[in-house]
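Peer 1: Take a look at the following structure, please.
None of the figures in this text is laboratory data; all of them are computed from the coordinates on show. Here the structure is a predicted model, which means the values were calculated and not measured. Don't worry about glycine lacking a Cβ; one is built from the backbone with ideal geometry, like all the others, and counts go over all protein chains shown.
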Amino acid sequence: MLVAAHGRDDVPEPLCETFQGIVGARAFVVCPRGVPSAGRAGLFTYESQEALAAEIDEALSALRARWPDHVDDGPLVYAGFSLGSFHGVDVVTRTPSRTPRVVLIEGGHDQWNAERVRRFADNGGERVLFVTGQATNEERSRHVARDLSDVGVAARVAHAEGAGHVYTGEVRDRLAESFDWVIEGDDRWKP
């Protein structure tokens, strides 16, 4: 199963569709909506890391209740774009064994510190993929990827030069090219 969290002042459907296109029939894609953005009709945000984590838990419980024969209790892949990445680092480092494989698109790199890197590594974290479209995010992500690698977590950066702060176009292409690396070795993801 994959959880895909969108950015601030966004809607979940486009990111959800992006990941469903990459994942195909291999897994469910769960896309938390968040709460309405202040002054931004029809757009959503996440109030906090705790609120995002709670919404994910509720969605997973509902999915498991609806499809008990098709949803296991095994670890998830967490993916986030922008705000979904920033909040996601807190979500995945709380219980790394639950979300040992992570995709952070255009964000999240600044939320890693030595304590979070060590906690992720020591408690079941396995892989982190940073996907970037802006040079500053690529540079920062490479530093964190090195820190993660130094403690035994496989980490990569996939960069789409000049693509900008998006998850579409060339950024999506880099994501799609790298996704099999994220799930490599987890037999539940076999077609």
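Peer 1: For the chain, what is the calculated [θ] at 222 nm in deg cm²/dmol (nearest 500), taking -39500 (n - 2.57) for each run of four or more DSSP H residues and dividing by its residue count? Don't jump to the answer; show the numbers that get you there.
Peer 2: On the way: 6 runs with 82 residues, N = 191.
The helix contribution divided over the chain gives -14000 deg cm²/dmol.
Peer 1: Give me the one-decimal nm value for the distance between modelled label points at V71 and T136, 7 Å along each residue's Cα-to-Cβ direction.
Peer 2: 3.9
Peer 1: Now for a different question. How large, in Å, is the stretch 20-123 by the Kirkwood hydrodynamic radius built from its alpha-carbon pairs? Write down the numbers at each step before the final one.
Peer 2: Numbers: mean 1/r = 0.0678 Å⁻¹.
Kirkwood radius, the stretch 20-123: 14.7 Å.
Peer 1: If you don't mind, another one. So which DSSP H runs in the chain come out at 15 Å plus along the axis (Cα) with average Kyte-Doolittle of at least -0.5?
Peer 2: On the way: long enough: 12-23 (16 Å, 0.25); 49-66 (26 Å, -0.03); 83-94 (17 Å, 0.47); 135-150 (23 Å, -1.56); 169-183 (22 Å, -0.25).
Those that pass (Cα extent of 15 Å or more, hydropathy at least -0.5) are 12-23, 49-66, 83-94, 169-183.
Peer 1: Take T168 and T95, extend 7 Å from each Cα along the Cα→Cβ direction, and tell me the distance between the two endpoints in nm.
Peer 2: Calculated label separation equals 3.5 nm.
Peer 1: Okay, moving on. Under 5 Å between amide H atoms, partner at least 5 residues away or on a different chain: which partners does V103 have, H built in plane at 1.01 Å?
Peer 2: Y78, A79, G80, L129
Peer 1: Taking the radius of gyration and the Kirkwood hydrodynamic radius from Cα positions alone, what is the Rg/Rh ratio for the stretch 2-64, to two decimal places? It would help to have the intermediate numbers written out before the result.
Peer 2: Numbers: Rg = 12.0 Å, Rh = 12.2 Å.
Radius of gyration over Kirkwood radius for the stretch 2-64 works out to 0.99.
Peer 1: State, to one decimal in nm, how far the label point of D110 lies from the label point of E184, with both points 7 Å from Cα in the Cβ direction.
Peer 2: Result for the modelled spin labels: 3.1 nm.
Peer 1: Per residue of the stretch 153-165, in order, report the coupling 6.51 cos²θ - 1.76 cosθ + 1.60 (Karplus, θ = phi - 60°) as ³J(HN,Hα) in whole Hz, putting x for Gly and Pro.
Peer 2: Rounded to whole hertz, the list is 8, 5, 9, 9, 10, 10, 10, 10, 3, x, 6, x, 8.
Peer 1: Now a separate question. Please state the relative contact order of the stretch 2-189 as a whole percent: Cα pairs under 8 Å, 6+ residues apart?
Peer 2: 17
Peer 1: For the stretch 94-191, what D do you get in µm² per second when you plug the Kirkwood radius from alpha-carbon pairs into Stokes-Einstein at 25 °C and 0.890 mPa s?
Peer 2: On the way: Rh = 13.6 Å.
This corresponds to a translational diffusion coefficient of 181 µm²/s.
Peer 1: I want the antiparallel fraction of DSSP beta bridges within the stretch 2-189, as a percent rounded to 5.
Peer 2: 10
Peer 1: Long-range amide H contacts for F44: which residues qualify at under 5 Å (H placed 1.01 Å from N, peptide plane, sequence gap of 5 or more or a different chain)?
Peer 2: D9, D10, V11, S37
Peer 1: Still on this structure: If I model the chain as equal point scatterers sitting on the Cα atoms and use the Debye formula, what is log10 I(q)/I(0) at q = 0.09, 0.19 Å⁻¹?
Peer 2: Treating every Cα as an identical point scatterer, log10 I(q)/I(0) equals -0.29, -1.41.
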